[in-house]
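Below you'll find the structure, written out as structure tokens, and then a few comments.
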Amino acid sequence: MSYVKFEQQGMVVVLTIDREKALNALNDQVLDDLNAAFDQIDQDYFRCVVITGAGTKAFVAGADIAAMSKMTRCEAVKFGQKGNELFRKIAKFPLPVIAAVNGFALGGGCELSLSCDIRLASENAVFGQPETGLGITPGFGGTQRLARLIAKGMAKEMIYAGTKIKADRAYQLGLVNAVYSQKELMPAAMKLANKIAVNAPIAVRASKQALNKGLQMNMDEAVVLEEQFFSSCFESCDQKEGMTAFVEKRKHEPFENK
Ligand code: DAK
């Protein structure tokens with residue numbers, strides 16, 4: 001049995017973390033199953049990934065507190081490494097990943113959403129890093145990704161004080177791109193995923209790498225990196241077709257990832 005449902009919708013993969021009774025909390029097995037689901041994605045065929053949580057209450061309410069409460073330090077190190085490796089894999093995954101945050105996104109759940117490229121939220125979504133109230137620091141990248149995404153002072157408040165924020169505040173802070181009703185969230189996530197899916201995959205993937213790698217460099221190095229990704233798209237079939245179609249004033253043929 002897997003805690004992650006894998007669905008194909010056209011060229012989009014939808015992964016649903018399915019442990020609703022525990023508000024989709026991340027235990028060892030959920031992390032393993034999510035990792036296996038990413039390994040299963042055919043990167044030549046698919047164009048975008050959407051991650052969401054089962055039910056209407058939680059995206060992911062955090063790492064599994066009951067399991068963690070019994071861990072030795074050594075086990076905690078292993079658990080932390082497993083989560084961090086998975087979240088880095090998601091952040092670096094060649095295809096864009098959208099988090100459809102359909103409720104609580106706390107601790108490891110907030111961090112999972114932060115490892116995705118884009119976050120969309122339902123009106124009942126709540127984001128937070130309550131770890132310090134449990135006697136630990138965020139451990140799946142929260143201190144780093146949150147502070148790089150929103151204002152540092154707000155990230156520090158969320159981490160030191162455990163301040164939780166609702167969807168509308170998350171939107172104001174730039175943590176999420178848009179807020180929808182619970183019913184509208186998945187259709188909106190699919191609409192965005194499909195909009196990405198029709199663009200040239202080579203260009204979308206190169207853009208993801210340019211953004212991720214470039215944002216860790218100084219500007220002079222980063223623009224050189226962008227030049228490399230930009231030129232790498234030339235002479236691809238999709239670049240030829242995309243530009244020729246524009247010049248000929250017609251709609252381009254579906255891009256082929258070639
Ligand atoms: N873990 C385990 N079970 C959880 C859970 C969690 N994080 N969150 C909820 N549940 C379970 C509840 O225990 C309850 O189970 P039953 O009692 O029915 O068996 C069920 O889900 C429903 O939850 P509630 O009854 O509490 O539902 P409410 O509507 O009353 O409250 C809530 C919803 C989300 C406000 C509440 O459940 C809550 O506060 N949950 C905990 C949220 C939280 O503190 N999350 C952060 C967890 S800490 C590390 C790396 C990373 C991490 C740690 C270490 N290393 C590097 C080592 C990450 C840490 C975290 O994420």
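The values are calculated or read from the model by the stated rules, or taken from the named source; none is laboratory data. Not measured: the values here are computed from a predicted model. Methodologically, a virtual Cβ is constructed for each residue, glycine included, from the backbone with ideal geometry; neighbour enumeration extends over all protein chains shown. Ligands, DNA and RNA are excluded from the accessible area calculation, which covers all protein heavy atoms including side chains. Shrake-Rupley method; radii C 1.70, N 1.55, O 1.52, S 1.80 Å.
Summary of values
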| item | result |
| --- | --- |
| Qualifying positions in the range 202-258 - closer than 22 Å to residue 93 by Cα, outside any helix (DSSP H, G or I), open to solvent by less than 100 Å² (accessible area, probe 1.4 Å) and without any contact (Cβ under 8 Å) to a residue 40 or more places away in the chain | 217, 233, 236 |
| Filter result for residue 46 (assigned to a loop (DSSP other than H, G, I, E, B) and more than 7 Å from the ligand (Cβ to nearest atom)) | yes |
| Complete set of residues in the range 127-162 that are away from the ligand (no atom under 13 Å from the Cβ) and either open to solvent by 50 Å² or more (accessible area, probe 1.4 Å) or part of a loop (DSSP other than H, G, I, E, B) (or both) | 148, 149, 150, 151, 152, 153, 156, 157, 160, 161 |
| Considering residues of the range 68-126 that are open to solvent by 10 Å² or more (accessible area, probe 1.4 Å), among the acidic types (Asp, Glu) and assigned to a helix (DSSP H, G or I) only, the residue farthest from residue 150 (Cα to Cα) | 75 |
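Results for (1) in contact with a Cys (Cβ under 9 Å, 6 or more places away or on another chain); (2) at pLDDT below 95; (3) part of a loop (DSSP other than H, G, I, E, B), shown as yes or no for each residue.
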| residue | (1), (2), (3) |
| --- | --- |
| 1 | no, yes, yes |
| 5 | no, no, no |
| 8 | no, no, no |
| 33 | no, no, no |
| 37 | no, no, no |
| 56 | no, no, yes |
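Here's the yes/no breakdown for (1) without any contact (Cβ under 8 Å) to a residue 24 or more places away in the chain; (2) under 21 Å from residue 83 (Cβ atoms):
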| residue | (1), (2) |
| --- | --- |
| 134 | no, yes |
| 143 | yes, yes |
| 146 | no, yes |
| 153 | yes, no |
| 160 | no, no |
